[in-house]
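Beneath this line is the structure, given in structure tokens, with notes to follow.
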């Protein structure tokens, strides 16, 4: 006869291992599979029978094993409950609540009127009553993300990248469901900087629940990740090729890099000449977007973020996410992407000082400390702006200082057009005559007649542009690039400033006293007559023909 020594329930496909009953008795163990319809499909009851005199002993062993298993499970449950109650994410949320309470309490000292004071008191109480809770974003494809459980105060990245549609991990990588910091951050793209060019194919160039991002699209202009590999700002290819040409190492100058390559990684870029170490240190290793050093700053360039995430001179965070340290460098001012890029962002690389070609020395601009201490571009006065935009000694025209760099330099110039070039001059897509015309004619008009026109995307992603309509006329450069922010209105050309939407009338050469020659379009040619670098804004030198704000 067989003795029944124990009954246990298991999911279909499990097994009773020999270790439960001992090796010597295993050959005498039988397992009956008894499906139980009351327990649901796939449930099986295992009944273990042991033959012979060892049955009582095996029953005792099995009871001990089951007892230990129950104790282990209870211990894990208690540990999980206690861990949940003391999780770091709860501490972060509590800190975020306290930060908002402190902010509102600070406003109480300036409140006027009983009604406003009562409203603030209620807001403070609401924050005081909040309890930490797991926060989730459910995307349109059903995917759930819990990143904001810790990053509760994080800013919305941009209107064109809504978190409730795209989420966090499409750009940042990591594990969206984990509430443990180490596990959640494993596999993040670019070590927390998804804009780094080496990570951009996974982040900026990936796909989301709402479609393909900045790579793999039908229209080449939408594949910014691919185009960026040909940008001189990413490779330093211009300085590399032209410096070698100026020293007679390559005549004529030629393209020396392939898409995606960086001059900083070239072995013996100056054929081991005595100037080579300085050439590498002061030129090739700085400012390129592939991790280049930023002059006099404790951080490096991070690809797309270098332009599209605005930063202060210290590269410290000023936003509402309490998990991000305020004193640590390497962050943008806030967690936001933008195409409204002021000159101050460009000048964290450009206009930092003077480079001597024949000695490869670099001398920082003497007024750099004053420039860094100046108000931000949206708060400075015109006098300060004229002092800050360019390094002392450089010359400029009115539009070059009143506008921002992005108002003249086009997206193809900055982000590449799919071709490799050996000089900055070769990359230029716009010249003075493109906007101001020439003595022989007006700028090139382009009427919007198709909803697939690139101008729609340009106007949509910048909130300060006026609404674009079918039949509107915009400007097209002589090299074929459309400028959606330059419009023909009532027979006159206007430029809308990308950073704040200010509207400027563009003076035309035709029927003016300008003696411009159409084939002479270098900055030196225009500066001969239009240099205002020694003027003062108060003298009227800063005034253009018309300047008016767009109504919002």
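Within the stretch 185-199, count every residue that is surrounded by fewer than 21 Cβ atoms within 10 Å (Cβ to Cβ) and outside any loop (DSSP other than H, G, I, E, B). Write out each step before concluding.
Keep residues of the stretch 185-199 that are surrounded by fewer than 21 Cβ atoms within 10 Å (Cβ to Cβ), which gives 185-188, 191-192, 198.
With the extra rule that they be outside any loop (DSSP other than H, G, I, E, B), the set shrinks to 188, 191-192.
Selection size over the stretch 185-199: 3.
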Restricting the stretch 200-211 to residues that are part of a strand (DSSP E or B) and in contact with a helix residue (DSSP H, G or I) (Cβ under 8 Å, 6 or more places away or on another chain), the one surrounded by the most Cβ atoms within 10 Å (Cβ to Cβ) turns out to be 208
- Is there a residue being modelled with pLDDT under 95 and touching a strand residue (DSSP E or B) at 6+ places or on another chain (Cβ under 8 Å) anywhere in the stretch 174-184? no
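Please determine, by comparing only the residues of the stretch 382-404 that are in contact with a helix residue (DSSP H, G or I) (Cβ under 6 Å, 6 or more places away or on another chain) and surrounded by fewer than 20 Cβ atoms within 10 Å (Cβ to Cβ), which one is farthest from residue 500 (Cα to Cα).
Within the stretch 382-404, the subset in contact with a helix residue (DSSP H, G or I) (Cβ under 6 Å, 6 or more places away or on another chain) is 382-383, 386, 388-389, 395, 397, 401, 404.
Among the residues that remain, those that are also surrounded by fewer than 20 Cβ atoms within 10 Å (Cβ to Cβ) are: 382-383, 395, 397.
Numbers: 382: 15, 383: 19, 395: 25, 397: 20 Å.
Among those residues, the one meeting the criterion is 395.
If you check residue 289 against the conditions, is it under 25 Å from residue 499 (Cα atoms), in contact with a strand residue (DSSP E or B) (Cβ under 6 Å, 6 or more places away or on another chain) and modelled with pLDDT under 95?
So residue 289 passes the test.
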Residue 123 passes all but one of the listed conditions (1) surrounded by 13 or more Cβ atoms within 10 Å (Cβ to Cβ); (2) part of a loop (DSSP other than H, G, I, E, B); (3) modelled with pLDDT of 95 or more; the exception is number (2)
Over the stretch 248-285, the set of residues crowded, with 17+ Cβ neighbours inside 10 Å, without any contact (Cβ under 8 Å) to a residue 40 or more places away in the chain and within 19 Å of residue 361 (Cβ to Cβ) is 263, 264, 269, 270, 280, 285
Of the listed residues (344, 359, 316, 323), the one being out of contact with any helix residue (DSSP H, G or I) (no Cβ under 9 Å at 6 or more places or on another chain) and either part of a strand (DSSP E or B) or not assigned by TED's automatic domain parsing to the domain that holds residue 485 (or both) is 316
Note on the stretch 331-341: residues crowded, with 19+ Cβ neighbours inside 10 Å and either assigned by TED's automatic domain parsing to the domain that holds residue 154 or touching a residue at least 24 places away in the same chain (Cβ under 8 Å) (or both) are 332, 334, 335, 337, 338, 340, 341
### Task
State yes or no: is residue 406 in a helix (DSSP H, G or I) and at pLDDT 95 or above?
yes
Exactly one of 102, 69 is under 30 Å from residue 182 (Cβ atoms), at pLDDT 95 or above and loosely packed, with under 13 Cβ neighbours inside 10 Å, and that residue is 102
Note on residue 309: of the conditions (1) farther than 19 Å from residue 415 by Cα; (2) at pLDDT 95 or above, unmet is (1)
Checked 472, 450, 511 against criteria (over 19 Å from residue 404 (Cβ atoms) and either in contact (Cβ under 8 Å) with a residue 40 or more places away in the chain or more than 35 Å from the chain's Cα centre (by Cα) (or both)); the one match is 511
Here the residues within the stretch 351-367 that are under 21 Å from residue 379 (Cα atoms) and surrounded by fewer than 15 Cβ atoms within 10 Å (Cβ to Cβ) are 367
Residue 131: passes all of (1) in contact (Cβ under 8 Å) with a residue 24 or more places away in the chain; (2) closer than 20 Å to residue 94 by Cβ; (3) outside any helix (DSSP H, G or I) but (1)
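The values are calculated or read from the model by the stated rules, or taken from the named source; none is laboratory data. Keep in mind that this is a model prediction, so the values were computed, not measured. Methodologically, a virtual Cβ is constructed for each residue, glycine included, from the backbone with ideal geometry; neighbour enumeration extends over all protein chains shown.
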